[in-house]
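Asker: Have a look at the structure that comes next, please.
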2 protein chains.
Amino acid sequence: MNDQLEANKRIVREWHDLAINQRKPEEAVAKYLGTYYRQHNPGAGDGPEPFIQAVKRIAQHFPDFRMESKRIIAGGDYVVLHSHLVLKPGDRGSAVVDIFRLENGKIVEHWDVVQEVPEPSANNNTMF
Amino acid sequence: MNDQLEANKRIVREWHDLAINQRKPEEAVAKYLGTYYRQHNPGAGDGPEPFIQAVKRIAQHFPDFRMESKRIIAGGDYVVLHSHLVLKPGDRGSAVVDIFRLENGKIVEHWDVVQEVPEPSANNNTMF
């Protein structure tokens, strides 16, 4: 059980690094996606192709965009990734939580929530 | 280990229901919060009091506001709650992910990410 959770975390870390920060969404899809990909991000349709196109579109507009993962939490079939999206260096960026559901070591479903980091804050802890 | 994860989920479910949907944040704080509460929501300071005031302020402006939890994921010291916040009945509302860190069965740290549910969506799966 814990082996599976650790394996799922590794899969999501690698998926995220390869698809987003290395800009290789096709490779990430081929390696880590299941036979289907149910998408809950309201900006993208189901399946791998809208995801690939979204990464390419963002990279075209923001060639230096980065997502730095801050914490990763695995429970049951889910892996939760809490990360900091910065489209342009120096921007405050956005806080993002991605939730992935895995089946047999493959990613098959995705939800996310995105919020711009505001300024100022009522505490000194950052959003991360 | 799994007993602890299940206990942590129960604590977060009860905290959330009591503080938010039953509008009893003081009771929730007394029962479920640790000796400190480190806050990462940029709208609130550390400690229980800003949280209590925030719930009261929202309830004053939106007496029917509800947060319906959609899934709960526990891993390590963390519990992740994915929920649908509706301030006024009939609104599309917001998707929220709350992340809690627990120590010895008490909530001691909190992060969240909030995004309004947009219309239309590129898929038929909802944000949940």
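The values are calculated or read from the model by the stated rules, or taken from the named source; none is laboratory data. None of these values were measured; they are calculated from a predicted model. Cβ coordinates were reconstructed from backbone atoms using ideal geometry, including for glycine residues, and neighbour counts include every protein chain displayed. For the accessible areas, the whole protein counts, side chains as well, though only heavy atoms, and no ligand, DNA or RNA atoms are used. Shrake-Rupley method; radii C 1.70, N 1.55, O 1.52, S 1.80 Å.
Asker: Taking the range A:59-112 only, how many residues are farther than 26 Å from A:THR35 by Cβ and in contact (Cβ under 8 Å) with a residue 60 or more places away in the chain?
Answerer: 1
Asker: Related question: What are the residues in the range A:44-70 that are among the small types (Gly, Ala, Ser) and over 14 Å from the mean Cα position of the chain (by Cα), if any? Walk me through it before giving the result.
Answerer: The first filter runs over the range A:44-70 and keeps only residues among the small types (Gly, Ala, Ser), leaving A:44-45, A:47, A:54, A:59, A:69.
If the condition is that a residue be among the small types (Gly, Ala, Ser) and over 14 Å from the mean Cα position of the chain (by Cα), then A:GLY45, A:GLY47, A:ALA59 are the ones that fit.
Asker: Which ones in the range A:28-47 are more than 9 Å from every other protein chain (Cβ to nearest Cβ) and surrounded by fewer than 18 Cβ atoms within 10 Å (Cβ to Cβ)? Spell out how you get there, then give the answer.
Answerer: At the first step, the residues of the range A:28-47 found to be more than 9 Å from every other protein chain (Cβ to nearest Cβ) are A:28-37, A:47.
Within the range A:28-47, A:ALA30, A:LYS31, A:GLY34, A:THR35, A:TYR36, A:GLY47 qualify.
Asker: Check A:GLN4, A:GLN53 and return the single one that is over 14 Å from A:LEU102 (Cα atoms), within 13 Å of another protein chain (Cβ to nearest Cβ) and open to solvent by 30 Å² or more (accessible area, probe 1.4 Å).
Answerer: Working: A:GLN4 fails: over 14 Å from A:LEU102 (Cα atoms).
Testing whether each residue is over 14 Å from A:LEU102 (Cα atoms), within 13 Å of another protein chain (Cβ to nearest Cβ) and open to solvent by 30 Å² or more (accessible area, probe 1.4 Å) leaves just A:GLN53.
Rundown of residues vs (1) within 14 Å of A:PHE100 (Cα to Cα); (2) touching a residue at least 40 places away in the same chain (Cβ under 8 Å); (3) outside any helix (DSSP H, G or I), yes/no style:
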| residue | (1), (2), (3) |
| --- | --- |
| A:VAL12 | yes, yes, no |
| A:ALA19 | no, no, no |
| A:VAL29 | yes, no, no |
| A:ARG38 | yes, yes, yes |
| A:GLY43 | no, no, yes |
| A:ARG57 | no, no, no |
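Asker: Separate question: Go over the candidates A:GLU103, A:GLU109, A:GLU119 one by one and state the one that is on the phi < 0 side of the Ramachandran plot and modelled with pLDDT under 95. Let's see the steps before the verdict.
Answerer: On the way: A:GLU103 fails: modelled with pLDDT under 95; A:GLU109 fails: modelled with pLDDT under 95.
Of the residues listed, the single one that is on the phi < 0 side of the Ramachandran plot and modelled with pLDDT under 95 is A:GLU119.
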